[in-house]
Structures are given as C-alpha cells and as structure tokens.
1. Of everything in segment 2-28, what is closer than 18 Å to Arg102 by Cβ and outside any strand (DSSP E or B)? Give them in sequence order.
2. Among the residues of segment 36-57, is any touching a residue at least 40 places away in the same chain (Cβ under 8 Å), part of a loop (DSSP other than H, G, I, E, B), under 13 Å from Ala2 (Cβ atoms) and touching a helix residue (DSSP H, G or I) at 6+ places or on another chain (Cβ under 8 Å)?
3. Would you say Asp29 is surrounded by fewer than 16 Cβ atoms within 10 Å (Cβ to Cβ) and closer than 18 Å to Cys124 by Cα?
4. In segment 4-22, how many are free of Cβ contacts under 8 Å to residues at least 60 places away in the same chain and either closer than 18 Å to Trp48 by Cβ or acidic (Asp, Glu) (or both)?
5. What single numbered condition from (1) within 17 Å of Glu119 (Cα to Cα); (2) modelled with pLDDT of 90 or more; (3) surrounded by 19 or more Cβ atoms within 10 Å (Cβ to Cβ) fails to hold for Leu82?
Amino acid sequence: MARYGYVRVSSADQNIDRQIRALTEEGIDSADIFIDRKSGRDFDRPEWRRMLKTLRQDDTVVVLSIDRMGRNYDEIRRQWQLIVHERKAHMQVLDMPLLDTRRDEGGLAGRLIGDIVLEVLAFCAHKERESIHERQAQGIAAARRRGVRFGRPRKALPENFAEIAALVAAKLLSPAEGARACRMAYTSFRNGLRQFMEEGKSRPESVYEQDLQRPVRDSCGAKPSVMVQYRRNDE
C-alpha cells in the first residue's frame, strides 16, 4: 500500500516548496512525489498520467488541497471517481481531513458528508479559476488602455525608413522597392508602412492600398547591394 504525493502549479516560475514540505512532513518520500507545472483546467498532464499508471489497489494519492488536483469541477469529480471507485485506491486532501477515503468514520453518513465536501470544494476551485481568468482579462484591458504593448518588442526601424515610406506614399516607389531600399523583409516593411500611415506621418491620397491589403505570398528580403531607381509619377 504505497502513498504518492501530487504537486501542481500553473507555471514554471511558481514556487512548489510549500506543497513539497507538506507532503514530506506527511511521511511521503520525495521520490514518490509527482510534480506538474501545468494549468488546472484539465488533467492532460504528464506527471498526473504517470502517477495513475503507477497507482495500484489500496494505494493512496495525497494532495495539499483540492485545487492542486485541478480547477475544473467536472474533471475533479471524474478523476476522484476513477481513483476511488475504479482503481480501488484512496484520496487524501491534507487541508481538509474529511476528504480522506482511507477512513470510514461514520459509515454511510460519513461518506455522504465527504461527498458533499468534495462537491463544494471542487465547485469553489472551478469558480476561482473563472475569477482568475476574469481578473487577467480586466488587467490586460486596463493595461492596453494605458498604452501598454504586449508580445515581442518591435525592432527599431531603419534610419531611412521615414524617407522611403514617404516615397512609397507618393507612389515614387512600390512597397517592394521600399523594402529593398530599407533592407527589410517585405512583410516587415509593409507592417511598418501601415503603422507609419496610421500615426499620421503621411497623408497620401493613394498608397498602393490594394497591395497593402493583399495576402503576402513571399518575403522579399533584400541584399545590401541592391540599388533602387526612383520612378516619376508620369512614367
């Protein structure tokens, strides 16, 4: 009758020391602790699956709290049933002594109380996950209103970009020629040109709008030696 500990955090930078300490103080060997750094939205986690393969009848899975199992109400209940009823093993939740299937205190009434506690805690874990997502969405929206940009930082544009963009805007150069003049990939130049126009640095009547809206079919990276010939409007 082995005892296995299970630890979960949502990301690699979150600390697992508190969970590890609680499990080792419970007498579980560190070699028998399975650790996942994955979201609690489902149970598609490598260490959880590996633990289930190791689990045998009368073994016990120990977690610090029910939300360390997961944060999906239906999945928590399903996995609990899988371990307790199908595998004939046990579950123990350290911060909730009523959730310890090794004990049969109170007989049927005791099991009923345990089932009710499981339902309530699984529901709370699920609602907390929804609240976390809502708070994240609100924080991101507030940051965007303040002008915070997310994602990879943009590369600085070449020094001659504004001059070349103005020539493209005036139809003295095509976007492809402008990309070569700036020694930029065509897609990068096109995106920079669109930003240049949106920021009001140029107000052309026509700036190859059809070309800017067409899906990109190739990337036109230029060699430094490529020379650009400016064209007149009447050519």
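The values are calculated or read from the model by the stated rules, or taken from the named source; none is laboratory data. Predicted model only: the values in this text are computed from it and were never measured. Positions of Cβ are generated from backbone atoms using ideal geometry, with glycine treated the same way; all protein chains shown enter the neighbour counts.
1. Ala2, Ala22, Leu23, Glu25, Glu26, Gly27, Ile28, listed by residue number.
2. yes
3. no
4. 12
5. (3)
Each row is one residue, and each column tells you yes or no for (1) among the acidic types (Asp, Glu); (2) in the same structural domain as Glu26 (by TED's automatic domain parsing); (3) out of contact with any Lys or Arg (no Cβ under 6 Å at 6 or more places or on another chain).
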{"residue": "Thr60", "(1), (2), (3)": "no, yes, no"}
{"residue": "Val63", "(1), (2), (3)": "no, yes, yes"}
{"residue": "Asp67", "(1), (2), (3)": "yes, yes, yes"}
{"residue": "Met91", "(1), (2), (3)": "no, yes, yes"}
{"residue": "Leu94", "(1), (2), (3)": "no, yes, yes"}
{"residue": "Leu98", "(1), (2), (3)": "no, yes, yes"}
